[in-house]
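The values are calculated or read from the model by the stated rules, or taken from the named source; none is laboratory data. Keep in mind it's a predicted model, so treat the numbers as computed, not measured. Cβ: placed from backbone, ideal geometry, glycine included. Neighbour counts: every protein chain shown. Keep in mind that these areas ignore ligands, DNA and RNA; they rest on the heavy atoms of the full protein, side chains included. Shrake-Rupley method; radii C 1.70, N 1.55, O 1.52, S 1.80 Å.
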Amino acid sequence: GMVADRYDKRKIMIFGDLFGIIGTFMVYTLYSTGNLKVWHICLSIIIGSIGGSFQRPAFLSAIPILVPKCYLGQANGILQFISSGGQMLGPILGASALYAFGMKGVLFLDFISCFATVGTLLFIRFPEREFKKREEPFKKELIGGWNYIWKRHSMVVMVVYFVVANFLMSLVTVVFTPLAIGVSTEKQLGIVLGTNAAGVVVGSLIMSLWGGTKRRATGMVGFLILTSISMIIMGLRPSPIFVGAGLFLFGASIAFVDTHWQIMIQSKVGLELQGRVFSINEMIVSIFRPFAFLLAPVLIDSIFKPLMDGDSALKQMMESIIGSGDTRGVGLFVTVVGVILLVFAVFGMKYRPLRYMEDYLPDAIPGAIIYKDKDKMQQEMDLMVRE
């Protein structure tokens with residue numbers, strides 16, 4: 001995040017792509033020579049993730065440089081649509097390429113595609129709307145993003161709120177595939193799993209045309225209610241229709257929530273700090289996600305599955321609601337987590353510092369004076385906070 005705020009965002013995005021090429025080229029070379037091991041693939045993923053950790057905050061914080069504030073909703077929606085469309089078409093095209101060219105051909109195409117993104121960025125110039133000089137030392141910039149968030153109660157509430165919300169959603173995302181496998185035939189499975197990506201595409205398309213709610217916080221928090229409903233539907237019946245419908249709504253709701261969240265930061269945080277604020281938000285959320293992935297199977301195997309495999313009165317009551325079968329332990333888990341998220345989302349809609357954070361935080365509109373010392377600039381912005 002500090003790097004994204006300090007240096008040319010376009011160059012950082014190019015660096016992220018080039019760094020990702022290293023891992024892809026390594027896998028391609030080792031596979032071609034017959035020496036590829038599982039740990040090589042893991043190392044390649046780590047290398048690509050490092051590049052992405054530089055690229056994403058630079059990419060997100062570059063959007064308000066290129067797009068006027070009034071069109072941020074449509075712009076973020078279009079970007080979500082393009083990204084989700086790639087995620088939906090990628091597996092389909094990958095399977096086709098695997099059949100036509102083999103694994104070596106797929107890896108080579110992946111390697112070449114990285115240069116296509118770099119080539120695109122080489123021919124793009126960003127408007128000169130950022131500071132040309134960065135007088136602050138690196139150590140000072142390290143805590144700049146933390147200070148910005150910490151001094152704004154609504155911003156702290158937003159970070160904590162989405163840490164909990166993403167943790168609950170991560171508990172469910174890790175069991176998407178086993179739940180779909182358990183209720184679908186081989187022919188149905190691809191369609192059922194594909195509905196999630198289709199939902200993201202449709203949600204992103206709607207956002208690109210609509211632009212989002214007038215009050216961004218209302219959309220950012222309110223659409224979590226749709227996310228919770230999708231999770232409840234997903235686990236409610238042992239049917240591919242219910243699981244597919246739930247996955248579709250889940251994908252659409254995530255597109256709505258993420259787009260409103262991005263607009264909120266882009267409009268409330270100055271251009272000189274957006275990279276750090278985006279990185280801090282995503283870092284804190286990412287820290288807790290692996291714990292959710294590890295916890296979900298334990299909870300299912302130790303609590304929910306034994307409950308639905310037993311012969312208690314509670315099991316009979318739950319079967320009358322969510323049906324019976326091998327997947328009902330997972331289905332009950334998903335439904336319960338959905339109910340918890342529903343209660344949490346309704347609480348968020350009623351909590352004023354979160355729902356009305358737009359009223360508490362001023363828009364980050366660049367002033368006429370550009371300070372050499374960003375501490376002075378931040379102090380001026382702190383005085384504008386109405387909390």
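In the chain, the longest principal axis of the Cα atoms and the axis of helix 72-122 are about 60 degrees apart.
Can you tell me the orientation of helix 328-350 relative to the chain, as the angle in degrees between its alpha-carbon axis and the longest Cα principal axis, to the nearest 10? Tilt of helix 328-350: around 40 degrees.
Ranking request for peptides 259-271, 26-38: highest mean number of other beta-carbon atoms within 10 Å first, then the rest in descending order.
Values: 259-271: 22.8, 26-38: 13.5.
For the peptides 259-271, 26-38, the packing ranking is 259-271, 26-38.
Relative to the longest principal axis of the chain, what angle (0 to 90°, nearest 10) does the C-alpha long axis of helix 138-150 take? The angle comes out at about 60 degrees.
Shape summary of the chain, radius of gyration then Dmax from alpha carbon positions: 22.7, 72 Å. Per residue, the solvent-accessible area of the chain (1.4 Å probe, heavy atoms of protein chains only, all protein chains present) comes to 51 Å².
Given 20 °C and 1.002 mPa s, how large is the Stokes-Einstein diffusion coefficient of segment 1-133 in µm²/s, with Rh as the Kirkwood radius over Cα pairs? Once the numbers are plugged in, D ends up at 129 µm²/s.
Under 8 Å for C-alpha pairs, at least 6 residues apart: give me the relative contact order for the chain, rounded to a whole percent. Don't skip to the end; give the middle numbers.
Working: 545 pairs, mean separation 91.4, N = 387.
Relative CO of the chain lands at 24 percent.
Taking the Cα centre of segment 148-257 as origin and assigning +1 to Lys and Arg Cβ atoms and -1 to Asp and Glu Cβ atoms, the resulting dipole is close to 460 debye.
Going by average Cβ neighbours within 10 Å, how do the peptides 238-251, 3-16 rank, with the highest at the top? Can you show the working numbers first?
Details: 238-251: 22.1, 3-16: 20.3.
My ranking of the peptides, most packed first, is 238-251, 3-16.
Entry note, segment 180-302: relative contact order of 30 percent, from Cα contacts under 8 Å with a spacing of 6+ residues. Per the Debye calculation on segment 278-337 with a single equal scatterer at every Cα and no solvent contribution, log₁₀ I(q)/I(0) for q = 0.17, 0.18, 0.29 Å⁻¹ amounts to -0.60, -0.64, -1.16.
At what distance in angstrom do the alpha carbon centres of segment 302-335 and segment 37-86 lie from each other? Computed from Cα coordinates, the inter-centre distance equals 39 Å.
Using Cβ point charges alone (K and R +1, D and E -1), the dipole size of the chain about the Cα centre works out to roughly 680 debye.
Note on segment 243-360: with neighbouring protein chains present and a 1.4 Å probe, carbon and sulfur make up 69 percent of its accessible heavy-atom surface. Put the Cα centre of segment 173-187 next to the Cα centre of segment 235-261 and the gap is 14 Å.
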